[in-house]
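Peer 1: Provided herewith is a single structure, encoded as structure tokens, for subsequent inquiry.
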Amino acid sequence: MKLLHFADLHLDAPFAWASPEAARLRRRNRRQALTRILQLATAEECDAILAAGDLFELDRVRPDTLEFLRSVFADVEIPTYVAPGNHDWLSPRSPYRTIRWSPNVHIFAEDALQPVTLRDGLTLWGAAHLAPANTANFFAGFRPDRGGIHVAVVHASERTALPWQETGKQPHAPFEAAELEEGGLSHAFLGHYHVPRDAKRHTYPGNPDPLEFGEAGERGAVLVTLSADGAVDRERRSVAVSEVHDLTVNLRGAAHAEEVADAVSLALAGVAGFVRVTLAGEVAASLDLELGELRRLGAHLDGLLIRVGDISSGYDLAEIEREASVRGQFARSSSGIEDPDLRRRVLLTGLRALEGRGDLEVA
């Protein structure tokens, strides 16, 4: 039997860092990624599609997006099994309850594993988050009430192999991998962690289209061939539409704005899509960083975010402390700050302010 497994699409995610136009493009890209997923399922003649939660953002999803979802799932006709997660949780007024989905769409609606027969001797178990937090372990004490091969699709946090705090994520429906075998499950197709992982008895596909800068790993949808004995053969397929880059630009020795602009322009040459640039390096005290001006260098990109990273200034702080001046007095008055990093940031911010500069942000 051939399955297609995906999760964590997050339709209508806010992308608060981006301009309104760039955020709209990122959201449109997510729809295009879902279209690619469904086209892949059709081309590969999959027997079923498994959506392991966070298909959309419940508190932001728009009626237009929901109609898009209803329509594309109906068009694909392949049986589709949805296990709502903590972002698209099954509230009493959830679109999962209020929309008339096509007959090929099955939405798990209980917070305990419920069975669906995929074929004789093969049962799919699924469950839903009924709240945005504090969902209990779906697998604790689970035992199937029938024979054959058993697999599961849920949105859950495996506790032993992946970090609980991946990109600030909290654990939801936490479980341990050993519970799958104890519960008689051959495999669990999971969502929640955005880092892809292929373990012996469970799979995280990763988010199919990039959500954050700095994401790594082969994300996408997972084609699964499920053998009669419950063994799985997995193949990841890229379905991403967004192109996302995370660049660090070293400004070592830069003394004026034009040198910074040249360094950033060089880094952006030949790059497309959405880019985050982190500025780093030791620069001259004379340098006045104008981040607004630098953002104009990304006119050819879908979106550009520029941030100040590990930048140090060329101020001779010991010399300044000896000055009989306002800034000397300011430097001496900061000596009571015990944390050296905090003192450095206070000093740099104050010295820049005394010079009337606008680049007061200090990493």
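Peer 1: How big is Rg to Rh over region 9-116, alpha-carbon atoms, Rh as the Kirkwood inverse-mean-distance radius? Spell out each step's value before the answer.
Peer 2: Working: Rg = 14.1 Å, Rh = 14.6 Å.
Ratio of gyration radius to Kirkwood radius: 0.97.
Peer 1: Sorting Glu21, Glu176 on the 10 Å Cβ count, fewest up front, what's the list? Don't skip to the answer; put the middle values down first.
Peer 2: Numbers: Glu21 10, Glu176 14.
Result, fewest neighbours first: Glu21, Glu176.
Peer 1: How long are the semi-axes of the equivalent ellipsoid of region 172-231, taking √(5λ) for every eigenvalue λ of the Cα gyration tensor, in whole Å from largest down?
Peer 2: On the way: eigenvalues 113, 44, 11 Å².
Values for region 172-231, descending: 24, 15, 8 Å.
Peer 1: So what is the relative contact order for the chain, in percent, with contacts set as C-alpha pairs under 8 Å and at least six apart?
Peer 2: Working: 751 pairs, mean separation 47.6, N = 363.
Dividing the mean separation by the residue count of the chain yields 13 percent.
Peer 1: So what is the 222 nm mean residue ellipticity for the chain from helices alone, if each DSSP H run of at least 4 adds -39500 (n - 2.57) and you divide by all residues, rounding to the nearest 500 deg cm²/dmol?
Peer 2: Working: 9 runs with 92 residues, N = 363.
Here the helix-only value at 222 nm equals -7500 deg cm²/dmol.
Peer 1: Cβ under 14 Å from Lys2's Cβ, Lys2 left aside: what net charge do those residues give with Lys, Arg +1 and Asp, Glu -1? Please list the in-between numbers first.
Peer 2: Values: positive: Arg119, Arg234, Arg237; negative: Glu44, Glu45, Asp47, Asp233, Glu235.
Cβ neighbours under 14 Å give a net charge of -2.
Peer 1: Shifting gears a bit: Among Pro92, Ala280, Leu347, pick out the residue whose Cα is farthest towards the positive end of the charge dipole of the chain, where Lys and Arg carry +1 and Asp and Glu carry -1 on C-beta, about the Cα centre.
Peer 2: Going by the charge dipole, the pick is Pro92.
Peer 1: Still on this model: Return the loop-located trypsin sites (Lys or Arg not before Pro) in region 184-231 (DSSP other than H, G, I, E, B) with at most 14 other Cβ atoms within 10 Å of their own Cβ; answer none if there are none. Write out the running numbers ahead of the final one.
Peer 2: Numbers: sites: Arg197, Lys200, Arg201, Arg219; in loops: Lys200, Arg201, Arg219.
Those satisfying the criteria are Lys200.
Peer 1: Just for the Cα atoms in the chain, what are the lengths along the principal axes, largest first, rounded to whole Å?
Peer 2: 87, 42, 38
Peer 1: Given the C-alpha centroids of region 194-213 and region 339-356, what is the distance between them in whole angstrom?
Peer 2: What the calculation gives is 42 Å, centre to centre.
Peer 1: Provide the descending list of Cα extents for region 244-354 along its principal axes, expressed in whole angstroms.
Peer 2: The Cα atoms of region 244-354 stretch 50, 26, 19 Å along the principal axes, largest first.
Peer 1: While we're looking at this one, here's another question. Which order do the peptides 212-218, 67-73, 149-155 take when ranked by the mean count of other beta-carbon atoms within 10 Å per residue, highest first? Intermediate results must be reported in sequence, preceding the final value.
Peer 2: Details: 212-218: 13.3, 67-73: 16.1, 149-155: 26.6.
Top to bottom by mean Cβ count within 10 Å: 149-155, 67-73, 212-218.
Peer 1: Among Gly298, Gly336, Gly184, which one moves the most in a GNM of the chain with springs linking Cα atoms closer than 10 Å?
Peer 2: Between Gly298, Gly336, Gly184, it is Gly336 that shows the largest mean-square fluctuation.
Peer 1: What ranking, highest mean first, results for peptides 87-97, 281-291, 318-328 when packing means the other Cβ atoms within 10 Å averaged over each residue? Display every interim value, and only then the final one.
Peer 2: Numbers: 87-97: 18.8, 281-291: 15.9, 318-328: 12.1.
Taking the mean over residues of other Cβ atoms within 10 Å, the ranking is 87-97, 281-291, 318-328.
Each value in this text was obtained by applying a stated rule to the coordinates, not by laboratory testing. Since this is a predicted model, take the numbers as computed values, not measurements. For neighbour counting, all protein chains shown are included, and Cβ atoms are generated from backbone atoms with ideal geometry for every residue, glycine included.
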